[in-house]
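The values are calculated or read from the model by the stated rules, or taken from the named source; none is laboratory data. Keep in mind that this is a model prediction, so the values were computed, not measured. Counting neighbours? That spans all protein chains shown, and the Cβs are built from the backbone with ideal geometry, glycine included. Only protein heavy atoms, including side chains, enter the accessible area calculation; ligands, DNA and RNA are left aside. Shrake-Rupley method; radii C 1.70, N 1.55, O 1.52, S 1.80 Å.
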Amino acid sequence: MDTNERQYPSSRYAWYMVIVLTVAYILSFVDRYILGLLIEPIKADLGLSDTQIGYLLGLAFSLFYATMGLPLGYLADRKRRTVLVAAGIAVWSIATAASGLAKNFWHMFAARMAVGAGEATLSPCTMSMISDSFPREKRGRPIAFYTAALSLGAGIASLVSAGVLTWAKSVPEIQVPMIGAVAPWQFTFIVVGLPGILVALLMLTIREPKRQVTAGSTVKPEFSHMLRHVWQRKNVYLSFVAFICLMTIIAYSQGWNAPMFKRTWGWEAEKYAVVNAIILLAVGPVSVNVAGWMNDKLYAAGRKDAPLFIMIVGALIMVPTGIIAPLMPTPEIAMGIYAINTVGIAMTSATGVTGLMNITPGEIRGQTVALYYMVISLAGLLLGPGTVGWLSDNVFGNDQLNLAVAAVPALFGIPVLLLIGYARRAYLAEVRLQEDAGNA
């Protein structure tokens, strides 16, 4: 079916939908990121070990987030996506607030599992809704705008946590109505969680976009058909997603940056959080949106591999900068290089889903995006932080954490960069097949 024959909503209303979804994504990332910056007071109050904190950061969130994504992606291809997203926002918001009421490890573990389950609804439904609201040649900017929330959420979380870490030194407890006395870290969870309820209600006001089903397509919105479609094209999907997995591995490995800056250069966590927030807020959203603009311009100019091309440029930036930043003599120089690294990470993340949508039939986009997020989330959370910790304990020593952080982009980045030529050829061939089939 020709793009002009499809029934898309007005541009103004489509962008209103994107803005609401982006606000939800910002809140989701704040709720996800906040735990990592409140580790020390949580450990002290609940008596947790580093191993237990590791379970909360990785296992409790990522495995449930990933496994729930597939059935939710299946529902996204069948049910009303606006209701699914609203329900997910409500679940993760309440669970985040409940994290502030945790009395022990298992309370916190259950709350973080619920956060992961709720957040699993968002991206599969969002990408499907955006694809049904914008024609192919105009999807880059709304997807990039949505993706920019990653940097905004991380930056806001850093600023909030920096304030809490400083405040915790002078305020022993806070009184909350109907709850009683709570510690600053508990109050933070409650404060960042509850606003999500309002966004969930706002989401219910969004009209469900009309699904853009391909005329004459033999692809069915069944889980088995999605897996068969991806498996039959495993070479193109695997070579494509390798660049996104590299991005998540590098990004999540930088969760060790706060202790690395402390051990290597003597920066306190509060100082690192503030400087990191400034970089994320100043560089991340601009880089993501510029990448989305570049994608649409290049695609309109006839470059069918525009999303992958931008991802490759991002990888060529983030790998070398990720290696050399931890090796710098001063924290200021390291932070400057990490600012450049953020540009590379933002470019890769901005066009990943855009590129995926261009090689995936509309009937199975929700499920395919869910599988995509499962793979990149598991790769990033299990290989990034885990590799740094193992190298620190077994290879470099805890006092040389910077070497472990620098090793990750080298170990995972160099093999992926060797795939550039093959990935481009496979991707272009699949784009042509999808265009010939009319899967716009």
Per the C-alpha gyration tensor (a ≥ b ≥ c, the square roots of its eigenvalues), the chain is rounded if a/c is under 1.5, else prolate if a/b beats b/c, else oblate; here it's oblate
Taking the Cα centre of region 362-440 as origin, work out the dipole magnitude from +1 charges on Lys and Arg Cβ and -1 charges on Asp and Glu Cβ, in debye rounded to 20. 180 debye
On a 0 to 90 degree scale, rounded to 10, what angle separates helix 81-99 from the longest Cα axis of the chain? 10 degrees
Quick check for you: with a 1.4 Å probe and neighbouring chains kept, what is the accessible area per residue of region 1-130, in Å²? 38 Å²
Can you list residues from other chains, or at least 5 along the same chain, whose modelled amide H is less than 5 Å from the amide H of Trp267? Lys262
Can you give me the distance in nm between label points at Asn394 and Ile333, each placed 7 Å from the Cα along the Cα-to-Cβ direction? 3.2 nm
Given R₀ = 60 Å, what would the calculated FRET efficiency be for Lys297 paired with Ala181, taking r from the Cβ atoms and rounding to 0.05? 0.60
Helix 234-253 vs. the chain, principal-axis angle (Cα, 0 to 90°, nearest 10): 20 degrees
For region 253-364, give the percent of accessible area contributed by carbon and sulfur heavy atoms, probe 1.4 Å, rounded to a whole number. 73 percent
Estimated FRET transfer efficiency when R0 is 30 angstrom, pair Trp15-Val191 (beta carbons, to 0.05): 0.55
Give, rounded to the nearest 20 debye, the magnitude of the charge dipole that the chain has about its Cα centre when Lys and Arg contribute +1 at Cβ and Asp and Glu contribute -1 at Cβ. 1040 debye
Using the Karplus equation 6.51 cos²θ - 1.76 cosθ + 1.60 (θ = phi - 60°), what ³J(HN,Hα) coupling, rounded to whole Hz, does each residue of region 334-342 give in order, writing x for Gly and Pro? 4, 5, x, 6, 5, 4, 5, 4, 4
Putting +1 on Lys and Arg Cβ atoms and -1 on Asp and Glu Cβ atoms, find which of Gln175, Val18, Ile340 reaches farthest to the positive end of the dipole of the chain. Val18
Figure the gain on full extension for Lys210 and Arg80 (residue separation times 0.36 nm, minus the Cα-Cα span) and round it to one decimal in nm. 45.8 nm
Cβ-Cβ FRET estimate between Leu411 and Asn104, R0 fixed at 30 Å, reported to 0.05: 0.25
Ordered by residue, what ³J(HN,Hα) values in Hz, to whole numbers, does region 14-30 give under the Karplus form 6.51 cos²θ - 1.76 cosθ + 1.60, where θ = phi - 60° and Gly and Pro are x? 4, 6, 4, 4, 4, 5, 4, 5, 5, 4, 4, 5, 4, 4, 5, 6, 4
Please state the relative contact order of region 82-146 as a whole percent: Cα pairs under 8 Å, 6+ residues apart? 36 percent
Please compute the contact order of the chain in relative form: average sequence separation of alpha-carbon pairs under 8 Å and at least six residues apart, divided by the residue count, as a percent. 25 percent
For the chain, the longest principal axis of the Cα atoms and the Cα long axis of helix 365-391 enclose an angle in degrees, to the nearest 10, of 30 degrees
Placed amide H near Ala120: partners under 5 Å, 5+ positions off or other chain: none
What is the extension gain from Ala87 to Arg425, computed as 0.36 nm multiplied by their sequence separation minus the C-alpha to C-alpha distance, in nm to one decimal? 117.6 nm
